[in-house]
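Okay, structure first, notes after.
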Amino acid sequence: MKPVPRRYAALAIAALAAGTITACGGSSGGGTTSSTGGAPVSGGTLKFVSAGDFDHMDTLSAYYVPSFQLEGAWTRQLVSYYPSNNFTRAITIAPDAASTVPTTSNGGITNGGKTYTFHIRPGVMWNTTPARQVTSTDFLREFKAMCNPVLGVGNSLYYVPVIVGMSSYCTKYAAAFKNSKSPTAAAMASFQNANSISGISTPNSTTISFTLTQSANDFLNILAMPFASARPVEYDSYLPDSAQFRAHTLSDGPYAITAYTAGKKIVLSRNPAWKQATDPLRHDYVSQIQVTEGTASNQTALADVEAGSADLMWDLPVPTASIPQLEASKNPGLHIFTNSGSENPFLVFNFQSPDANHAMSKLKVRQAIEYAINKVAIAKIYGGTKLNPILNGAIAPGNVGYTNYNYYPSPNSEGDPAKCKALLAQAGYPNGFTITDAYRNAGNHPAVFTSVQSDLKACGITVKGSPQQQGPYYAFIENAPNSAKANQWDITEPGWVPDWAGNNARSNVVPLFQTNCTNPTTNEGCYSNATTDNLIKQALAAPNEAAAAPLWAKAGQQVMKDAAIVPFTTQDVVLFAGTHVHNLIYNPLAEQYNVTQLWVH
């Protein structure tokens, strides 16, 4: 199954800093809109304005950050994260539907760190009629549905290689439906109910255990993803994320979807089956959450929030052009968060390309291009280096393994054409060559292409553009067999957003840099280095994050020694809240505010 990286973030990117979640521009805790003090107010409607809709409503496949934000209101996982504006607290795993977080000391982690056992909290209920207890089988059902042939899970790499027996289960599932052009819900449910995953057991209705292929210090982070939510038996009756499914969602969280019209509105109302005493992480302060879709532009959305007709923007960023004025006026609704963990955008080399006598597979050529790029010019396309700090490493600030180094410095980070030319001559290209850049033909991407094209022209490289539509772009560059053909692409400028903060290298280093040249691959250039792979292997097997961090750092440094990518910038996230919304607690997973913590008045 194809993982769909959460690079399709609507907002700039989530942003966290060590210690306290850091905001500049407006404030990180002052003003009426960001206050976390005072008595909560119950009631009212929290109003979002948006351009679009869910990517998927099914937790198995939803991978759009706005979708993650609302999912936090109607779904629950075994474990999740504490709501907090303190970074350390915000990335700490917390018990959710499980009564405790398993550890070796409480007996929840056994078998040399390879078996995790959870006990379901009593009173966690589905909003069925009558309300029904969430069981261990409901969580098992989600994992069994991950390999379905209709949608599959958002990122199978987090689960299939990690849990014992899941790979063989998924292989068997695929084989069973190999010749089925239109699998039915009944047929898929029949397969799932008749087959087991050997590494997941449910000895009773309140207990679920996972046995791993090897110890994984980030397994709890994986289980905190919405992909691992509880799944009620009623969902067996619907094709995943079908219109019928969307009309019959169930909730075990504080809110339930009570009205939905695709492309027009989403309404969540308080769930009467949910009880505060059974949920240590969420509240239901507002009576209702409304998302009004179809807003034409982010400028219109900002005007709506400033005017008070909306409280927050759901899937639209604050317009870059408006930020200086909002900062100058010290508008309390503006928050700019730093150290996001994003690598966006960056340049990828196609190691497979035969073009220009296999130029992209030659280290000195790649190093020449490292020196050529004017990173400040690219940052200006996105609003300048203040919002888009220059990035020189393979691992961005905010991710485990980040270290500050620069193997390819240029004056003021504005490029060094002379150094580029010298390295090209050493590589056997004194007169340069011609290559193809596949770029997205929307948003800021054409300007990024033009900037790169100009930089490389200055040192003798001719770059032809191959514009790609935004939707199919990633499918094009991740098609490894096609990428090995001539005249496809030699360089490209994607972006990457890690799926969670903290111990997150499995969602950051692994998909981008571990050897993987099978279609589709998120290692788009088919970079492969045995040293990098071995460091990744060691880091994944490390007993804890502290032991893994230096291994991830070395892996990232090896990537840059190999000049596998050219980092351009990381990005800060800019959020804006209206004056009626309070208790703005940042949610790193959703890269927005936590809707179950907000109140309005």
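The values are calculated or read from the model by the stated rules, or taken from the named source; none is laboratory data. Quick caveat: nothing in here was measured; it's all calculated off a predicted structure. Backbone-built Cβ (ideal geometry, glycine too); neighbour counts: all protein chains shown. These accessible areas exclude ligands, DNA and RNA; they are computed on the full protein's heavy atoms, side chains included. Shrake-Rupley method; radii C 1.70, N 1.55, O 1.52, S 1.80 Å.
Is it the case that some residue within region 272-285 is among the acidic types (Asp, Glu) and not in a loop (DSSP other than H, G, I, E, B)?
Scanning region 272-285 turns up no residue that is among the acidic types (Asp, Glu) and not in a loop (DSSP other than H, G, I, E, B).
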- prompt: Has region 171-189 got any residue that is in contact (Cβ under 8 Å) with a residue 40 or more places away in the chain, crowded, with 22+ Cβ neighbours inside 10 Å and either touching a His at 6+ places or on another chain (Cβ under 8 Å) or in a helix (DSSP H, G or I) (or both)?
  reply: yes
Condition met for TYR371 (within 23 Å of ALA427 (Cα to Cα) and touching a Lys or Arg at 6+ places or on another chain (Cβ under 7 Å))
yes
Of those in region 235-248 that are in contact (Cβ under 8 Å) with a residue 40 or more places away in the chain and within 22 Å of ALA51 (Cβ to Cβ), the residue least open to solvent (accessible area, probe 1.4 Å) is ASP241
So, first residue within 15 Å of THR436 (Cβ to Cβ) in region 470-482, second residue acidic (Asp, Glu) and modelled with pLDDT of 95 or more, Cβ within less than 6 Å, six or more apart or across chains; the pairs are ILE477/GLU524
Condition set β-branched (Val, Ile, Thr) and in contact with a Phe, Trp or Tyr (Cβ under 8 Å, 6 or more places away or on another chain), scope region 80-99, selection surrounded by the fewest Cβ atoms within 10 Å (Cβ to Cβ): answer is THR92
Exactly one of GLY199, GLY165, GLY152 is of a type in the set (Gly, Ala, Ser), surrounded by 18 or more Cβ atoms within 10 Å (Cβ to Cβ), on the phi > 0 side of the Ramachandran plot and under 28 Å from the mean Cα position of the chain (by Cα), and that residue is GLY152
For helices (runs of 4 or more DSSP H) lying entirely in region 303-393, having 1 or more residues that are in contact with a helix residue (DSSP H, G or I) (Cβ under 7 Å, 6 or more places away or on another chain) and open to solvent by 10 Å² or more (accessible area, probe 1.4 Å) picks out 363-372, 375-381
Counting only helices (runs of 4 or more DSSP H) entirely within region 406-520, those with at least 3 residues that are surrounded by fewer than 16 Cβ atoms within 10 Å (Cβ to Cβ) and at pLDDT below 95 are none
For region 328-363 the number of residues that are within 30 Å of the chain's Cα centre (by Cα) and of a type in the set (A, V, I, L, M) is 5
Those residues of region 255-302 which are under 25 Å from the mean Cα position of the chain (by Cα), hydroxyl-bearing (Ser, Thr, Tyr) and open to solvent by 30 Å² or more (accessible area, probe 1.4 Å) amount to TYR260, THR292, SER297
Legend entry - Any chance PRO543 is surrounded by fewer than 21 Cβ atoms within 10 Å (Cβ to Cβ), modelled with pLDDT under 95 and either among the aliphatic types (A, V, I, L, M) or farther than 23 Å from ALA216 by Cβ (or both): no
The condition of being at negative phi and crowded, with 21+ Cβ neighbours inside 10 Å holds, among ASN594, ASN583, only for ASN594
